[in-house]
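Notes follow once the structure below has been shown.
The values are calculated or read from the model by the stated rules, or taken from the named source; none is laboratory data. What you see is a predicted model; the values in this text were computed from it and never measured. Neighbour counts run over all protein chains shown; Cβ positions are idealised from the backbone, glycine included. Just so you know, the surface numbers come from the protein's heavy atoms only, side chains and all, with ligands and any DNA or RNA stripped out. Shrake-Rupley method; radii C 1.70, N 1.55, O 1.52, S 1.80 Å.
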Amino acid sequence: MRRNIALDYGEQTKIYFYTHWGAEYLEDVLRNALLRGRSRWDDPPYLARIIFSEMIRDEVLQEEGYGIAPYLMDPEFPTIEVDLRKETVDGKPFDQFVHHA
């Protein structure tokens, strides 16, 4: 159930948030993070923290299950691409992504 969210900062700069479990729910997690962080859509560092916080919200003190890296980590499911400059998820504008499950 491994999956990544790739955060694209432009200029060939990406970071990857990894989950070892719950790949099937990762779009919902991202949707919730974007809704909660709507006022930070234009602030990539804050939005990135909000997204990762939503991913680990119930397991923040666990030593396993999640990671952050400058490379793709062990994907089993397609990576979700978040373009922070264009404010898109897999090519869809944030607004469209959060309101159309």
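Just subtract the alpha-carbon distance of residue 20 and residue 46 from 0.36 nm times their residue separation and send over the number in nm, one decimal.
Additional length available on full extension: 7.0 nm.
Among 84, 61, what's the order by accessible area (1.4 angstrom probe), most exposed first?
Working: 84 5, 61 155 Å².
From most exposed to least exposed: 61, 84.
Report, in degrees rounded to the nearest 10, the 0 to 90 angle that the Cα long axis of helix 44-56 makes with the longest principal axis of the chain.
Taking Cα atoms only, the helix is inclined about 40 degrees.
Can you tell me, using C-alpha contacts under 8 Å and at least 6 residues apart, the relative contact order of the chain as a whole percent?
40 percent
As I understand it, the value is the acute angle between the Cα axis of helix 26-36 and the longest principal axis of the Cα atoms of the chain; what does it come to in degrees, rounded to 10?
Helix 26-36 sits roughly 50 degrees off the main axis of the chain.
Could you rank the peptides 70-78, 25-33, 41-49 by their average count of other C-beta atoms within 10 Å per residue, with the highest value first?
Working: 70-78: 11.4, 25-33: 17.7, 41-49: 15.2.
Ranked from most to least packed, the peptides come out as 25-33, 41-49, 70-78.
Please compute the per residue accessible area over the chain with all protein chains in place, 1.4 Å probe, rounded to a whole number of Å².
I get 61 Å² per residue for the chain.
For the peptides 11-17, 92-98, what is the packing order when you average, over each peptide's residues, the other Cβ atoms within 10 Å and list the highest mean first?
The most tightly packed comes first, giving 92-98, 11-17.
Step through the residues of the range 83-100 one at a time and calculate ³J(HN,Hα) from phi using the Karplus curve (6.51 cos²θ - 1.76 cosθ + 1.60, θ = phi - 60°), rounding each to whole Hz and writing x for Gly and Pro.
Once θ is set to phi - 60°, the couplings for the range 83-100 become 9, 6, 6, 7, 6, 10, 10, 6, x, 8, x, 3, 4, 5, 4, 6, 9, 10 Hz.
Looking at the square roots a ≥ b ≥ c of the eigenvalues of the Cα gyration tensor of the chain, which shape do they give, rounded for a/c under 1.5, prolate if a/b is larger than b/c, or oblate?
Rounded shape, in that the Cα axes give a/c under 1.5.
What residues of the range 15-58 lie in the reach of a label at residue 69, counting those whose backbone N is under 17 Å from a point 7 Å from the Cα along Cα→Cβ?
15-23
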